[in-house]
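*Asks:* First, the structure itself, so that you have it in front of you.
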Amino acid sequence: MDRREFLQRTGLLGGGLLLGGPTLLGGRRTRGEDEPRGLLDGSAKDAPIDTVVVAMMENRSFDHYLGWLADDERYVERGKERYGRRFRVDGNQRQEFAAPDGSVFETAPWLTQTGEPNPYRGCGHLDPGHQWDQGRAQRDFGFLGAGAANDIYALSYYERDALPFLGELAREFTVFDQWHASVLGPTYPNRAYLHAAQSGGYKVNVLPADTAGYPFASIWDRLGAAGVPAKYYGTDLPVIALWGDRLLAYNNPIDAYFSDAAAGTLPNVVFVDPAFLTANRTDDHPRADIRAGQRFLRDVFQAFAESKHWKRGAFIVTYDEWGGFFDHVPPPILPDDLANPVDADNFGQAGFRVPAVIASPYARRGFVDHHLYDHTSVLRFLEWRFLGAPARGPGKDGDTWFLTSRDRNARNLGASLLGEEPDRDVGFDLDVPIGEPSPICTQDGGPPLPPPTPPVPVTPATVPAPAAIEKHSFEVAMDEGWFERMGYKVRPSAMAREWAGTST
């Protein structure tokens, strides 16, 4: 890619985003007579959304987790009745990928694969590659290509029955089928973009030890300066500790979330994170039982939906990155302060699509939003609702409401919400039953067990020997004493043991 092509693709030449497919910028538009009034058509101060809850899970792609929506006949027919015959979901769970030796392998529904030792956790398989270089290899050569660091687990997918809660939430509210991870890289950088619209140039899960935490501004700093009430609720290891002790005042245990919701005292901005510790993981990362993640999301949403905040609230579920799992939509390039024509250094390169849903009385029911979003669209929404940002577009010269060029140019998530005629009925049973999670995996890596037909596209010579279960990077940070040094007391919640099925 030459410099001119790079500038065109990032929107820095010619004054706009020249991306194929959906656009990121939310420009001016006119509303037809029959079109309902959108949330952004009114003023921010009069917006009927006072409480925003954000829950970020881990390491799943859209096709892998929600691609089944495209084949859900009842869901699609209902969508056509509501929104017209062009209603669709850009999902595809039936794909083929070639290995370096030319062998071709099909994607597969994981719960029905015979002989899998634990299809809910992915035991016995490689954790699919999702590092900076691995993501680029998957983009360029496919999910089994050279450098992808994958076995056939990366070609697995789950269907509706495997996701009892998320499936209901997705079918009832608004799904985003063009929501991409902010960068084509792992957890820390993507979570940093959710909180700060940048990762400070970090490409990997490394602790910012030299600066005792990320030195750059976050949405928490901006909300605090503006006097906007905000709280972070963590189940065990708080993500905001990556900013050192600066954000310590915002940290709260997950138990407080439930008591605050019940008391009707949640603040305007709420971030909720799952459990990352191996024994009780509820984050949906491979090696966690996805039923534990379903239990966590169900209970967090139920507490919100049954609180007084629901009638003027919004609940957002998304995933930090694709986790190495297959997806058929190429990742776009977005505006970024660290955009670079050298691909290996380009922070404007977004990641693959991730599952994302917004639930609210003001959300369109059974709807699919096809516009381009990334994690900073959440920031753009908060900046409009609470910090004086314009409803659409990057604003004018001299504006200071944004953190970086990424959130400044992101599509405002509020564009997906309605400004009138709220429907406060959740639409499904909040006590949706979810099966008991299985025991944790006893080993990590190694070839798939047993080999499917045709054989897996890896050989013993290319696959590391089985090893002890790999810890989450946050758990490694805990072992290194990071949280304690930053002033955070790690007190895993008993709720996590209940969700993970380890309370007995």
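Bear in mind that the values in this text are calculations on the coordinates, not laboratory data. Quick caveat, the model's predicted, so the values are computed rather than measured. FYI the Cβ positions are ideal-geometry reconstructions off the backbone, even for glycines, and counts take in every protein chain you see.
*Asks:* By how many nm would the segment from V204 to E35 lengthen if fully extended, with 0.36 nm per residue of separation less the alpha-carbon distance?
*Replies:* Stretched out fully, the V204 to E35 stretch lengthens by 56.4 nm.
*Asks:* Please state the relative contact order of the chain as a whole percent: Cα pairs under 8 Å, 6+ residues apart?
*Replies:* 27
*Asks:* What FRET efficiency would be calculated for the residue pair K311, Y83, taking the C-beta separation as r and a Förster radius of 25 Å, to the nearest 0.05?
*Replies:* 0.55
*Asks:* Run a plain Debye calculation on the chain (Cα atoms as equal point scatterers, no solvent) and give log10 I(q)/I(0) at q = 0.09, 0.13 Å⁻¹, rounded to two decimals, same order as the q list.
*Replies:* The Debye formula, applied to the Cα set alone, gives -0.58, -1.34.
*Asks:* Counting other beta carbons within 10 Å of each Cβ, put E159, E73 in order, fewest first.
*Replies:* Result, fewest neighbours first: E73, E159.
*Asks:* How long are the semi-axes of the ellipsoid equivalent to segment 137-178, from square roots of 5 times the Cα gyration tensor eigenvalues, in whole Å, largest first?
*Replies:* 29, 14, 5
*Asks:* Could you work out the local net charge near V52, counting Lys and Arg as +1, Asp and Glu as -1, over the other residues with Cβ closer than 13 Å to its Cβ?
*Replies:* Net of charged neighbours comes to +2.
*Asks:* Which aspartates and glutamates, if any, have their Cα less than 17 Å from the Cα of K45, not counting same-chain residues under 8 positions apart?
*Replies:* In chain and number order, the partners are E383, E420.
*Asks:* Let a ≥ b ≥ c be the square roots of the eigenvalues of the Cα gyration tensor of segment 48-182; is it rounded (a/c under 1.5), or, if not, prolate (a/b larger than b/c) or oblate?
*Replies:* Prolate, because a/c is 1.5 or more and a/b exceeds b/c.
*Asks:* Let me ask another. Among the DSSP beta bridges whose two residues both lie in the chain, what percent are antiparallel, rounded to the nearest 5?
*Replies:* Antiparallel: roughly 35 percent of the beta bridges in the chain.
*Asks:* Quick check: from the Cα gyration tensor, does segment 165-230 come out rounded (a/c under 1.5), prolate or oblate?
*Replies:* Oblate, since a/c reaches 1.5 and b/c is not below a/b.
*Asks:* In a shell of Cβ-Cβ distance under 12 Å around A70, excluding A70 itself, what net charge do Lys and Arg (+1) and Asp and Glu (-1) give?
*Replies:* Neighbour charge sum, excluding A70 itself: -4.
*Asks:* Would you list E421, E498 from fewest to most Cβ contacts within 10 Å?
*Replies:* Ranking E421, E498 by Cβ neighbours within 10 Å, fewest first, gives E421, E498.
*Asks:* On a straight-distance basis, which lysines could pair with K489 in a cross-link, Cα separation under 21 angstrom, same-chain partners fewer than 8 positions away excluded?
*Replies:* List returned: K231, K471.
*Asks:* Can you list which of the DSSP-assigned H helices in the chain have a Cα extent of 20 Å or more along the long axis and an average Kyte-Doolittle score of at least -1.0?
*Replies:* In the chain, the long hydrophobic H runs are 290-305.
*Asks:* On a C-alpha basis, how far is the centre of segment 73-149 from the centre of segment 288-333 in Å? Whole number, if you could?
*Replies:* Using only Cα atoms to place each centre, the spacing works out to 19 Å.
*Asks:* I've got another one for you. Could you calculate the contour length gain from A262 to A146, that is, 0.36 nm times the residue separation minus the distance between their Cα atoms, to one decimal place in nm?
*Replies:* Using 0.36 nm per residue and subtracting the Cα-Cα distance, I get 36.7 nm.
*Asks:* Give the shape of segment 276-365 as rounded, prolate or oblate, defined through the alpha-carbon gyration tensor: a ≥ b ≥ c are the square roots of its eigenvalues, a/c under 1.5 means rounded, and otherwise the shape is prolate if a/b is larger than b/c and oblate if not.
*Replies:* Since a/c reaches 1.5 but b/c is at least a/b, the shape of segment 276-365 is classed as oblate.
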